[in-house]
Every structure is written in C-alpha cells, then in structure tokens.
Amino acid sequence: MAVLERRHEEGGGLNTEEPCIPGYYHNMHAQFMEFLDYMPVYKDFDLERMGARWVYPEAQCGIAFADGRPPVIIHRPDLLDRTWKSIARYSKADADTFCELKRRTMEIDQILAAALYTPPPPVPEGEIANPLDNPLIDPIFSHIGLDKTCVLKSPKAIIDELFETPELRALLYRECVEWGTPIDMEMGGVAFVMSVLWFSGIWKLMVGGTHTLAHAMTQACLREGVTFLESSEVSEVVLSGHRAVGVRTADGRKFGARHVVASSTDIQQTLLGMVGEENLSELWRRRARAFRYGPSHVLATTVWCLREAPHYRSAEADPEIDRCFYVMVGFDGPDDTIDYIRAAYSGHLPQHAAGVWVNTIHDPSQGPPGMHSATGWFFFPPADRLSEQEWEEVRRTYNARFLETWQRFAPNMTADNVLAERLYTPDQMDSKNKMRFGDFSNGAFALDQLNSSRPFPEAAQYRTEIESLYLCGASSHPGGGVHAGCGYNAYKAIAADHDLPAPSREGRIY
Ligand SMILES: Cc1cc2nc3c(=O)[nH]c(=O)nc-3n(C[C@H](O)[C@H](O)[C@H](O)COP(=O)(O)OP(=O)(O)OC[C@H]3O[C@@H](n4cnc5c(N)ncnc54)[C@H](O)[C@@H]3O)c2cc1C
C-alpha cells in the first residue's frame, strides 16, 4: 500500500510549525483534539506506543470581558462543579441547565461517537434523505431530556431558549461554530448537541504540537508496511474503462493500484480534476459541480510569540481564565459574537475578535523556557471573497488591530510583550493544503450536504461511480475534524467490497 502526498510531509491539517521565531511552535491548523477518546485508529494502532502524548487542561473554554466582569468558563466534564460555579455567578438556573445537559450528554457519548464512525444510512435511488429519519434523534433527545422540537431549531434558537445569561450565550455561540456548525442552520438540534453539549470540555492538546499525532500515525503505517511518497501530487486517476487502476502524478509518474484508489482530497478535485468531467456521468458531473464550500469552516490562524502570557481583567474575579485552554477575546456580549459570525459567513471581515490559546502554559516544550507561544483563530470569509491584494493587506494590518482589542481585555498585551506575530489566511490554507477556499471541512455543512447526503446522495457510501475509486476525506461524512472517521468509514466500504476483515470493534459499539 502506498500513500502519495503532495507536500514535503504527511499530516495535512495536523501540522505544527515555527512560523515566526525558531523554538516557538504553533499549530497552524488543528489545535483541539476532541476525538482521541473515540477515534478507533488511536487505540487499534496503539498510537501512544508510536509517540503520541497529550495533556488535558482543566479549564477548557472561557470568555473574558473588557470591563473585568467575571469570565464564564467551561471545565472538563469531570469538573462540572467548577463549571457550575462559573455560570452560577450569573445565573443558578443556567448553571443547573448547562451542567445537567452536559452530564447526560457525556453518559451517551459512545452513541454520539457511533454517529461519526458509522456510514450514514443509504438512501434509495431517486429519493432524498429526510433529516428527521435519523435513528439517533430519539435516543439522544430522550436521554438528554431536550425537548424534541429542538431538532427543528437552529443552534442559536436553542441556546437562546435554554439560557438567559448574555455572557453565557456569547460564549456558547462561538463554541457552537468552532466545529463549523452554522449557528443559524434550521434543523440544527443534533448539531447543537454535538458541537455545544458534547465537544465542550473534551479538548486535549498533543504534547509537542498537533503534528506529533500525524507522526505517530505515519509511524504506525510504516510498521504495517505502508510506503509514503512525499512531494507527489496526484493529478489524475488512471482508468481502464470505468475502473480506477492507478494514479498519475503532476510530474508524470504513474503508479498502478492492484485493488483500490482512495482519495482524501476534496470532492471536486477528485472527480472533476483527477477523474475528469469527461469520465463522469451527467448526474455525477452535475452533483460534483454543485458541491459548495465554506462559509462556516473558514478560519485564519493568528500567531504570536510573547514574553508573558495574557493576564485578563476578568482574572480578578476568577484567575482560572488566565490558564484556560481556549479564551474568547473581543466579545463583550452575545450581539458581538453573533454579528461577528454572521459577518464572516456573509463574506465580510468581522470585527477584531478571536478565540486564543497559549499552549506553553500547558506544555512548556512548545516555546523557549519562560516564553509563550500564543495562537488563535479568526473566522474569516472564504478565500475567493477577497482579492490577492486584499488578503495581503489583511495579513499586514489585521493582527495589529486585534492586539488593540486584546489589550483592552488583557492590559499586559502591549506591543512590548510581543516578540513577533504573523497571520495565516484562508487563501494560504487553500494553496498550501488544498483546503478549498480555506474550508477546513472541504465542503459546507448544509442539510443537503450532511449525513446521507454528503457529499451528495449517490456518493455518500464512500464509493464512486468509478469502480475501485473510494472517497476518504472530509468532503464525506462526518466532515472535517481530526477524528479519522472518513477514512474509517471508507475502509468499512472497501472491506465489504473486497472481502477484507471488518475493523475490530473491541471496546466500542462502532
Ligand atoms: C485553521 C484550522 C483549524 C482547525 N482546527 C481543528 C481542531 O482544533 N480540531 C480538529 O479536530 N480539527 C480542526 N481542523 C480541521 C482538520 O484539520 C481537518 O478537517 C482535517 O485535517 C481534514 O483531514 P483530511 O485528511 O480530510 O484532509 P487534510 O488534513 O487537508 O489532508 C489532505 C492531504 O492531502 C494532500 N493533498 C491534497 N491534494 C493532493 C493531491 N492532489 N495529491 C496528493 N496529495 C494531496 C494535502 O497536502 C494534505 O496533506 C482545523 C482546520 C483548520 C484549517
């Protein structure tokens, strides 16, 4: 088996770099490892023996305020009493509701994980998937105790209905969109459970940076006899009739495939680019062309080398905010957060606000002794919404404006505290990683592009109309994220078609 990778190293969105000053490490893409407890590849391939290590910060996700109001902080699920105390500073009712929903959600986390690691139910030819037919809706909503009408509502409507505290809403709106869940998506009840109730508080950090997870996976593959070919950009899927028999690289090398070709690149690159429109049926050509990217998964990564970690005004009320894994900065209330998200979704640069983290607090190996590597995310418009010159201008100016905001929230964030900074924008993610338009899920989350309809109904079982060509990237269910779910599900399809062993289910239900 061979893996062909166009970059000089494997890992894609799991990269860690020293983009400003050597010795200051920054995760340029994926930062939060929310799936380590669930992803089959982690245990099945014993990635910890291959060098993967993580830390699990106690205070996970919080919001600071410029006027020093108490922060709201969500802690790990095993520290729910601290989450309760933090929310209860504003509202005991909200603290009760959040903590009870979170507790019940964690009781069924394996069922939620099964939704990621199981191919979506197939839809009979000519029919469309009904999102309400999802067999998980009943068990999830009954167990958690959420009114089932929430299934039909947008995450924002659910947050507004459940919680009265503006400060908590401001945090949860942003928490909701971190995984790309569109905040105003109707029928967003299941997405709300996943993004807000399940993912909050389960973020881990790879020691040494996210790239160490990719390295462990590569080591495991080498152990299993896989060959890696870097700097090998696939430009064509070689066909014999209607069957994939190999690939050709952009520099003209040809590789035969005895059994299958599996593509983790986005659906348009795979079908319209590598297979070629002329080799697709009219239906598949139309479906692939109509596939949409962005806007809810488009980020810019802001990178900072600091003398001191930020010290927030809100730390007077709760010092934990200074050690919190992920801190929302620049949102003084729910309107700020919602205006920010909607601006980015509609193609505009939002106000200067971010979610930021300082990994050196939890893993000092990510910076020089006593110094700090801080990184953060801005939600930005997709790459094609701004010209090349406009992106250049954004890279030159946006960080400085954000620093002004940051300093209002954390007075020690002065220019003197900053040794170097850089902004990495969606157009660069597109050209570097082929994340289309900077969309980290390689495809919009919309009802017609999710579950049994992702990337489109006929391709949702990881098979294509080209025999022996499979899809294993984020354009397929369950979309983006470091969960290895797309590949796991694709393997199930390949195993079924080629009489290979099904993956072990030891210790899990999927
Ligand atoms: C800024 C940002 C922050 C993120 N944060 C998180 C996070 O905190 N937690 C989380 O779980 N997820 C996060 N993600 C999402 C996650 O990184 C991606 O969803 C995930 O990496 C997708 O995995 P993939 O294997 O499908 O694609 P990728 O990781 O993009 O890998 C695809 C690989 O294919 C290669 N490739 C592309 N075209 C070709 C070709 N023609 N020939 C050969 N090779 C090719 C690419 O170079 C790349 O290495 C983030 C993403 C971004 C951009």
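Where a number appears in this text, it was derived from the coordinates with a stated rule and is not lab data. Treat the numbers as computed from the prediction; the structure is a model and nothing was measured. Glycine also receives a Cβ, built like all others from the backbone with ideal geometry; neighbour counts cover every protein chain displayed.
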Q: Scan region 157-189 for residues that are more than 16 Å from the chain's Cα centre (by Cα) and on the phi > 0 side of the Ramachandran plot and jot them down.
A: M187
Q.
So, W54, is that one surrounded by fewer than 21 Cβ atoms within 10 Å (Cβ to Cβ), within 16 Å of the ligand (Cβ to nearest atom) and among the aromatic types (F, W, Y) or not?
A. yes
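Go through G68, G62, G126 for me and flag whichever is in contact with a Ser or Thr (Cβ under 9 Å, 6 or more places away or on another chain) and more than 19 Å from E175 (Cα to Cα).
On the way: G62 fails: more than 19 Å from E175 (Cα to Cα); G126 fails: in contact with a Ser or Thr (Cβ under 9 Å, 6 or more places away or on another chain).
From the options G68, G62, G126, the qualifying one is G68.
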Q.
For region 247-273: of the residues being over 22 Å from the mean Cα position of the chain (by Cα) and small (G, A, S), which is farthest from the ligand (Cβ to nearest atom)?
A. G256
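Within the group S195, S200, which residue is in a loop (DSSP other than H, G, I, E, B) and either within 14 Å of the ligand (Cβ to nearest atom) or under 22 Å from G13 (Cα atoms) (or both)? Before you say what the answer is, go through the steps one by one.
Details: S195 fails: in a loop (DSSP other than H, G, I, E, B).
One residue alone meets the criteria, S200.
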Q) For region 435-451, does any single residue satisfy the condition of being over 26 Å from F291 (Cα atoms), within 16 Å of the ligand (Cβ to nearest atom) and in contact with a Lys or Arg (Cβ under 6 Å, 6 or more places away or on another chain)? A) no
Q: Can you tell me which residue among G370, G355 is touching a residue at least 12 places away in the same chain (Cβ under 8 Å) and outside any helix (DSSP H, G or I)?
A: G355
Q. Out of (1) under 25 Å from the mean Cα position of the chain (by Cα); (2) over 23 Å from N134 (Cβ atoms), the odd one out for E506 is which?
A. (1)
